[in-house]
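The values are calculated or read from the model by the stated rules, or taken from the named source; none is laboratory data. Just so it is clear, the structure is predicted and the values come from calculations on it, not from any experiment. As a convention, Cβ positions derive from the backbone with ideal geometry for all residues, glycine included, and neighbour counts pool all protein chains shown. Surface areas here come from the heavy atoms of the whole protein model, side chains and all, with no ligands, DNA or RNA. Shrake-Rupley method; radii C 1.70, N 1.55, O 1.52, S 1.80 Å.
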Amino acid sequence: MRLRIDQVVRFLGEHEPDVLCLQETKCREEEFPAKAIRAAGYEHMAIHGQKAYHGSAIVSRLPLEEIEKIDFCAMGDARHVAATVALPQRVGGASSVRVHSLYVPAGGDEPDVQKNPKFDHKLKFVSEMADKLRPQDTAPTLVAGDLNIAPYEHDVWSHKQLLKVVSHTPMETELFERTREALGYADTMRRHQPLGEKLYTWWSYRARDWAASNKGRRLDHVWTCPLWAENSEGFSVFTDARGWEKASDHAPVIVDYA
């Protein structure tokens with residue numbers, strides 16, 4: 001977050017989202033560059049940080065209430081923060097929206113729970129999501145973030161070649177979809193773009209020319225509860241940001257709600 005604060009401020013200035021969810025902020029809460037965020041017009045923040053690793057945040061032009069930080073798998077990792085966003089006017093009968101900013105573990109390199117504790121942690125984390133991210137009865141609920149799983153065939157550049165690569169293994173994708181369906185969330189991006197079309201949000205640093213090779217994966221997601229799914233008007237992946245100086249390997253996802 002500190003290394004890329006200029007990119008964050010640029011993104012806020014160019015696109016003016018009401019709410020921005022951030023993951024892998026990698027700084028303690030007192031080190032979060034709040035001054036620059038406020039100067040960009042985002043007075044309201046919910047921050048869950050730790051030194052050097054993980055970290056999640058929500059910054060907003062709209063007031064935030066009921067801030068919550070869930071410790072998944074009792075690991076002490078700052079992988080989640082939630083807040084209730086007060087809407088400027090009622091939308092679909094709602095005066096506020098509950099927003100979760102989430103960072104699912106990457107899971108290491110070996111898709112074997114016996115050999116790789118990181119992969120075991122990832123599966124347990126996703127399993128816990130079914131209990132801890134239930135939509136609220138009183139307000140529409142959104143889950144947004146780096147969920148580190150590409151669930152569908154065309155969410156990766158090669159389904160056959162990545163079936164044994166962490167992020168697209170059947171163990172992950174099947175659990176991921178069971179969890180989302182059990183919670184009742186809509187996959188907002190795929191609601192607007194057919195499953196038969198390629199869709200990526202992440203391109204590896206290892207590629208010499210990421211744009212030319214275009215070997216991407218869709219690791220970033222926005223889930224919308226049934227109360228508000230019909231209010232999603234569309235989405236975009238801001239691919240240009242992947243080519244900025246000192247870019248993240250993830251491109252921002254923008255979802256518009258009526």
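A few notes on this one:
- Just one residue in the set LEU64, LEU12 is modelled with pLDDT of 95 or more, over 18 Å from ILE254 (Cα atoms) and in contact with a strand residue (DSSP E or B) (Cβ under 9 Å, 6 or more places away or on another chain); that residue is LEU64.
- In segment 58-91, residue nearest to GLU24 (Cα to Cα) [restricted to those that are over 20 Å from the mean Cα position of the chain (by Cα) and not charged (D, E, K, R)]: ALA74
- Subset of segment 5-28 [of a type in the set (Asp, Glu) and either under 17 Å from the mean Cα position of the chain (by Cα) or crowded, with 16+ Cβ neighbours inside 10 Å (or both)]: ASP18, GLU24
- Pair list, Cβ under 8 Å, 6 or more apart: segment 1-25 residue touching a residue at least 12 places away in the same chain (Cβ under 8 Å), other residue open to solvent by less than 40 Å² (accessible area, probe 1.4 Å) and of a type in the set (Asp, Glu): GLN23/ASP146; GLU24/ASP146
- Residue in segment 190-203 that is open to solvent by 30 Å² or more (accessible area, probe 1.4 Å), among the aromatic types (Phe, Trp, Tyr) and touching a strand residue (DSSP E or B) at 6+ places or on another chain (Cβ under 7 Å) present: yes
- Taken over segment 70-96, the criterion of being open to solvent by less than 60 Å² (accessible area, probe 1.4 Å), touching a helix residue (DSSP H, G or I) at 6+ places or on another chain (Cβ under 8 Å) and hydrophobic (A, V, I, L, M, F, W, C) is satisfied by ILE70, PHE72, CYS73, VAL91.
- Residue match in segment 23-32 (condition: closer than 19 Å to THR141 by Cα and either modelled with pLDDT of 95 or more or among the polar types (S, T, N, Q) (or both)): yes
- Within segment 73-92, residues that are within 17 Å of GLU233 (Cβ to Cβ) reach partners that are crowded, with 21+ Cβ neighbours inside 10 Å and not acidic (Asp, Glu) with beta carbons closer than 6 Å, at six or more positions or on different chains, in the pairs LEU87/SER96.
- The listed residues are LEU199, LEU163, and the only one of them that is closer than 22 Å to LYS118 by Cα and of a type in the set (A, V, I, L, M, F, W, C) turns out to be LEU163.
- Of all residues in segment 45-61, those that are crowded, with 18+ Cβ neighbours inside 10 Å and in contact (Cβ under 8 Å) with a residue 24 or more places away in the chain total 11.
- Selection within segment 97-110 - surrounded by 18 or more Cβ atoms within 10 Å (Cβ to Cβ), closer than 22 Å to ASP249 by Cα and of a type outside the set (Phe, Trp, Tyr): HIS100, SER101, LEU102, VAL104, PRO105, GLY107
- Among the residues listed as GLU172, GLU233, the single one being open to solvent by 70 Å² or more (accessible area, probe 1.4 Å) and either in contact with a His (Cβ under 9 Å, 6 or more places away or on another chain) or in contact (Cβ under 8 Å) with a residue 60 or more places away in the chain (or both): GLU233
- Any hit, segment 237-253, residues being in contact with a Ser or Thr (Cβ under 7 Å, 6 or more places away or on another chain), at pLDDT 95 or above, open to solvent by less than 20 Å² (accessible area, probe 1.4 Å) and under 27 Å from VAL99 (Cβ atoms): yes
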